[in-house]
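Written out below as structure tokens is the structure these notes cover.
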Amino acid sequence: MPGVLDGKVAVIAGGGFGMMRRTALLYAQEGARVVVGDIDVSRAEAVAAEIGPALAEAIHVDVRDEEGVRSMVDRAFTRFGRFDTAVNGVGSRGLGSIQDCSVSRWQRVIDSHLTGAFICVKYESARLIKQAEGGSIINISSLNGVQAGEGNAAYCAAKAGIIMLSKVAALELGPHGIRVNSIAPGIIRTENLAPVFSGRPEVEEAFIASTPLGRVGETIDVAQLALFLASDGSSWITGQTHHIDGGATLKKYPSNLEAFAP
Ligand SMILES: NC(=O)c1ccc[n+]([C@@H]2O[C@H](COP(=O)([O-])OP(=O)(O)OC[C@H]3O[C@@H](n4cnc5c(N)ncnc54)[C@H](O)[C@@H]3O)[C@@H](O)[C@H]2O)c1
């Protein structure tokens, strides 16, 4: 059966783990060839091996580094001959109330999420403009990009910034046929968050109580939305923030920050 991404080449930044790993696997299942970039290259290599060497390539990247991001995007061309779509979804946590959050912690979170997304969009779009066949760029924001969370100022600010970065990019890149959207997930059961839930049913229950659809999200939920936004089926959608949270934006998530402490 034909896949919805047949013939397309994707770059996935942060693809070694969690929802981006699941997205890389789904993209490949739907016919894409995939470059998996991650600061932890062993994670990227494991995902590429799971997909298979004919369809996937792993690369070390730190999205805060312009040269590294440029190389990641170039790799799509050198290895697979074209580049069509990217998902930018690296992870980094940095909790602390404004009084407790050092400037260096603030800067680390802003750099990984917001500056990293800016650098990715800059070099991904440069390649897409050069190819002159349009394209789709997806940035991973968060429910926290629109809903304030106590003790999470840096992350909330970075994720709000990603929403606006995506809108400005959509305006600037629309004339080139390049679509830019953001995905704003609610809580997703990722490897990274497994310790938050493990042995503490009350944490999951508190999130479920704040979610009209009555469950936390799974990585496949986000992967399926990213698949749609990468595909030609979403060819008239750009500049939008796609909430995927079981309706949690309609309520208010609990503040149980101690559960998230590293
Ligand atoms: N898990 C959730 O509940 C949730 C909810 C909303 C939004 N998000 C966002 O979704 C995205 C993915 O989250 P996740 O929990 O699936 O993944 P994650 O936090 O486990 O991180 C994904 C990958 O990013 C890599 N990474 C970290 N810093 C990097 C850098 N500077 N350059 C390159 N790679 C880097 C990590 O090595 C990791 O393999 C993140 O942006 C996160 O903020 C997560």
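For Pro53, the conditions (1) open to solvent by 60 Å² or more (accessible area, probe 1.4 Å); (2) closer than 18 Å to Gly81 by Cβ; (3) in contact with a strand residue (DSSP E or B) (Cβ under 6 Å, 6 or more places away or on another chain); (4) not aliphatic (A, V, I, L, M) all hold with the exception of (3). Residues being under 15 Å from the mean Cα position of the chain (by Cα), within 19 Å of Thr78 (Cα to Cα) and charged (D, E, K, R): count how many of those fall in the stretch 5-56. Of the residues in that region, 1 qualify. Here Cys120 fulfils each of the conditions (1) under 17 Å from Gly18 (Cα atoms); (2) under 15 Å from the mean Cα position of the chain (by Cα) apart from (1). Filtering Ala58, Ala46, Ala54 for residues that are more than 26 Å from Ser235 (Cβ to Cβ) and assigned to a loop (DSSP other than H, G, I, E, B) leaves a single hit, Ala54.
From the list Gly239, Gly233, pick out the single residue that is open to solvent by less than 40 Å² (accessible area, probe 1.4 Å), in contact (Cβ under 8 Å) with a residue 40 or more places away in the chain, not aliphatic (A, V, I, L, M) and not in a strand (DSSP E or B). Spell out the reasoning first.
Working: Gly233 fails: open to solvent by less than 40 Å² (accessible area, probe 1.4 Å).
Result: Gly239 is the single residue among Gly239, Gly233 that is open to solvent by less than 40 Å² (accessible area, probe 1.4 Å), in contact (Cβ under 8 Å) with a residue 40 or more places away in the chain, not aliphatic (A, V, I, L, M) and not in a strand (DSSP E or B).
Residue pairs whose Cβ atoms lie under 6 Å apart, sitting 6 or more positions apart in sequence or on different chains, and linking a residue in the stretch 204-229 that is closer than 22 Å to Asp6 by Cβ to a partner that is in a helix (DSSP H, G or I) and at pLDDT 95 or above, are Ile220/Arg22; Val222/Met19; Ala223/Arg22; Ala223/Thr23; Ala223/Leu26; Ala226/Thr23; Leu227/Leu26; Phe228/Ser234.
Taken together, the residues in the stretch 57-86 that are of a type in the set (Asp, Glu) and touching a strand residue (DSSP E or B) at 6+ places or on another chain (Cβ under 6 Å) amount to 2. In the stretch 1-17, the qualifying residues are those that are in contact with a strand residue (DSSP E or B) (Cβ under 7 Å, 6 or more places away or on another chain) and among the β-branched types (Val, Ile, Thr), and the one that is farthest from the ligand (Cβ to nearest atom) is Val9.
For the stretch 94-104, state whether one or more residues are over 14 Å from Ala223 (Cα atoms) and either surrounded by 21 or more Cβ atoms within 10 Å (Cβ to Cβ) or within 10 Å of the ligand (Cβ to nearest atom) (or both). Reasoning before the result, please.
First, the residues of the stretch 94-104 that are over 14 Å from Ala223 (Cα atoms): 94-104.
Okay, now just the ones that are also either surrounded by 21 or more Cβ atoms within 10 Å (Cβ to Cβ) or within 10 Å of the ligand (Cβ to nearest atom) (or both), so 94.
There is at least one residue in the stretch 94-104 that is over 14 Å from Ala223 (Cα atoms) and either surrounded by 21 or more Cβ atoms within 10 Å (Cβ to Cβ) or within 10 Å of the ligand (Cβ to nearest atom) (or both).
Please determine whether any residue of the stretch 168-184 is closer than 21 Å to Ala259 by Cβ and away from the ligand (no atom under 12 Å from the Cβ). No, there is no match, as no residue in the stretch 168-184 is closer than 21 Å to Ala259 by Cβ and away from the ligand (no atom under 12 Å from the Cβ). Against the criterion of being among the β-branched types (Val, Ile, Thr), away from the ligand (no atom under 16 Å from the Cβ) and surrounded by 19 or more Cβ atoms within 10 Å (Cβ to Cβ), Thr85 qualifies. State all residues of the stretch 182-230 that are among the polar types (S, T, N, Q), within 25 Å of Val87 (Cα to Cα) and open to solvent by 40 Å² or more (accessible area, probe 1.4 Å); if no residue qualifies, say none. Within the stretch 182-230, Asn192, Gln224 qualify.
Among the residues of this structure, Ala32 counts as one that is away from the ligand (no atom under 15 Å from the Cβ) and either open to solvent by 60 Å² or more (accessible area, probe 1.4 Å) or at pLDDT 95 or above (or both). Among the residues of the stretch 18-29, are any more than 16 Å from the ligand (Cβ to nearest atom), in contact (Cβ under 8 Å) with a residue 60 or more places away in the chain, open to solvent by 40 Å² or more (accessible area, probe 1.4 Å) and of a type outside the set (Ser, Thr, Tyr)? Within the stretch 18-29 (the criterion being more than 16 Å from the ligand (Cβ to nearest atom), in contact (Cβ under 8 Å) with a residue 60 or more places away in the chain, open to solvent by 40 Å² or more (accessible area, probe 1.4 Å) and of a type outside the set (Ser, Thr, Tyr)), the answer is no, since none of the residues qualifies.
The values are calculated or read from the model by the stated rules, or taken from the named source; none is laboratory data. Owing to the predicted nature of the structure, the values given are computational and were not obtained by experimental measurement. FYI the Cβ positions are ideal-geometry reconstructions off the backbone, even for glycines, and counts take in every protein chain you see. Surface areas here come from the heavy atoms of the whole protein model, side chains and all, with no ligands, DNA or RNA. Shrake-Rupley method; radii C 1.70, N 1.55, O 1.52, S 1.80 Å.
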